[in-house]
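Since the structure comes first, as structure tokens, the remarks are kept for the end.
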Amino acid sequence: MKLLKPLIEQRADPFIYRHTDGFYYFTGSVPAYDGIELRRAATIEGLAQAETVMVWKKPDEGPYSDLIWAPEIHFNQGAWYVYFAAAPSREIKYDLFQHRMYAISCQDANPLTGAWTFEGQVDSGIDAFCLDATTFTHNDVLYYVWAQKELDVPGNSNIMIAPMSNPTTLSGEPVRLSIPEFEWEKRGFLVNEGPAIVKHGGRIFISYSASATDENYCMGVLWADENSDLLSPESWTKALQPVFQTAAEEKVFGPGHNSFTKAEDGETDILVYHARNYTEIEGDPLWDPNRHTYVKTLRWDDEGMPVFGSPAYDETL
């Protein structure tokens, strides 16, 4: 086993996308939470030293002028999109921040040098705290998956899914797939957030993160048959135990808010996630900048289920 070191320091909520042009594209939450930063490289390891470009900066005021969180870059229906969450201020209302979801788009081949257009809010249909949007296409349908506060459900956020009519518009009612219900999902806060999609062996998997963003942060997983109705909650099965959690002896704490990509061979699944290497955090963990980006190989067992292993090691190396 290989003991892992951070790939990129001080980048939380990491997202790596491998495009058909052969490049890997990286984005994540920057410590100042003030804009959207991209970088690209021909290899995953190359992202560590790649030039960074701030392609969009938050305005000084307005509904999306603070706390730019968890950007993800996708190539949907012929154009680049970055989905992200933003708030009008750092004020807490009803025990939550006031984030809503937004998108920017780029028509150019290279999103680091191209012009970006602010597309506005991606309306979830529920006027409440929401964030961590991701997208995936299956059977020619574009799906939107995100974390949503529901006013009639206790806790911070639940995992939702809806179809899209285009890359910035939902075409159906939000469907709840998971709520924080187990003890490991409710440490500090009742949280299901940061969904990510990976397909394998005739199934579609949604990983997600749970609990507070300190050492209690961990990951769970949902899965459905690829031929099932993905908009039916009954199609999805939820793991009863966390699949990825703190490795205290190796000082890797609070792993989560992951994404998935492919290795350079185009076949091997790679797990991308953030974690801290200490627990002595002063104040709210959200203001601590030292959530670092890690990558490791995602393994699969004989039943076709993902094996996440330890956040401190890549067990295949």
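The values are calculated or read from the model by the stated rules, or taken from the named source; none is laboratory data. As the structure is a computational prediction, the values presented were derived from the model and not from experiment. Cβ coordinates were reconstructed from backbone atoms using ideal geometry, including for glycine residues, and neighbour counts include every protein chain displayed.
In summary, Asp132 fulfils each of the numbered conditions (1) more than 19 Å from the chain's Cα centre (by Cα); (2) at positive phi with the single exception of condition (1). Of all residues in segment 1-51 being touching a Phe, Trp or Tyr at 6+ places or on another chain (Cβ under 6 Å) and among the polar types (S, T, N, Q), which is nearest to Tyr64 (Cα to Cα)? In this case the residue turns out to be Ser29.
Among residues of segment 186-197 that are part of a loop (DSSP other than H, G, I, E, B), those with a beta-carbon under 8 Å from a residue that is of a type in the set (S, T, N, Q) and surrounded by fewer than 24 Cβ atoms within 10 Å (Cβ to Cβ) at least six positions away or on a different chain give the pairs Arg187/Asn216; Gly188/Asn216; Phe189/Asn156; Leu190/Asn156. For the criterion of being hydrophobic (A, V, I, L, M, F, W, C), over 16 Å from the mean Cα position of the chain (by Cα) and either surrounded by 14 or more Cβ atoms within 10 Å (Cβ to Cβ) or not in a loop (DSSP other than H, G, I, E, B) (or both), Leu222 fails. Of all residues in segment 74-96, those being under 18 Å from the mean Cα position of the chain (by Cα) and free of Cβ contacts under 8 Å to residues at least 40 places away in the same chain number 3. For segment 1-55, filtering for residues that are of a type outside the set (A, V, I, L, M), crowded, with 17+ Cβ neighbours inside 10 Å, without any contact (Cβ under 8 Å) to a residue 40 or more places away in the chain and more than 15 Å from Leu112 (Cβ to Cβ) leaves 1. Given the criteria of a type outside the set (A, V, I, L, M, F, W, C), part of a strand (DSSP E or B) and modelled with pLDDT of 95 or more, does Tyr102 qualify? Against the criterion (of a type outside the set (A, V, I, L, M, F, W, C), part of a strand (DSSP E or B) and modelled with pLDDT of 95 or more), Tyr102 qualifies. Please determine whether any residue of segment 257-271 is modelled with pLDDT of 95 or more, on the phi > 0 side of the Ramachandran plot and in a strand (DSSP E or B). So far as segment 257-271 goes, yes, one or more of its residues are modelled with pLDDT of 95 or more, on the phi > 0 side of the Ramachandran plot and in a strand (DSSP E or B). The C-beta contact set for segment 166-178 (first residue surrounded by 13 or more Cβ atoms within 10 Å (Cβ to Cβ) and among the hydrophobic types (A, V, I, L, M, F, W, C), second residue at pLDDT 95 or above and assigned to a loop (DSSP other than H, G, I, E, B), distance under 8 angstrom, 6+ apart or interchain) comprises Leu170/Val122; Leu170/Asp123; Leu170/Ser124; Leu170/Gly125; Val175/Leu231; Val175/Ser232; Leu177/Trp236.
When residues in segment 198-212 are screened for being closer than 22 Å to His74 by Cα and either more than 14 Å from the chain's Cα centre (by Cα) or assigned to a loop (DSSP other than H, G, I, E, B) (or both), 4 of them pass. Out of all the residues in segment 299-317, which are more than 21 Å from Trp223 (Cα to Cα) and charged (D, E, K, R)? Asp314, Glu315 - these are the residues of segment 299-317 that are more than 21 Å from Trp223 (Cα to Cα) and charged (D, E, K, R). The number of residues in segment 1-56 that are within 27 Å of Asp214 (Cβ to Cβ) and among the basic types (Lys, Arg) comes to 3.
Can you tell me how many residues within segment 1-43 are within 23 Å of Ser310 (Cα to Cα), of a type in the set (Asp, Glu) and part of a strand (DSSP E or B)? Residues meeting the conditions: 1.
Considering each residue of segment 115-133, count those that are assigned to a strand (DSSP E or B), small (Gly, Ala, Ser) and closer than 27 Å to Phe23 by Cα, and give that number. So the count comes out to 1. For Phe136, indicate whether it is among the hydrophobic types (A, V, I, L, M, F, W, C) and in a loop (DSSP other than H, G, I, E, B). Judged against the criteria, Phe136 is not a match.
Look at (1) exposed (fewer than 12 other Cβ atoms within 10 Å of the Cβ); (2) of a type in the set (A, V, I, L, M, F, W, C); (3) not in a strand (DSSP E or B) and you find that Leu112 fails only one, number (1).
Within segment 242-280, the residues that satisfy the criterion of being surrounded by 14 or more Cβ atoms within 10 Å (Cβ to Cβ) and among the aromatic types (Phe, Trp, Tyr) are Phe244, Phe253, Phe260, Tyr273.
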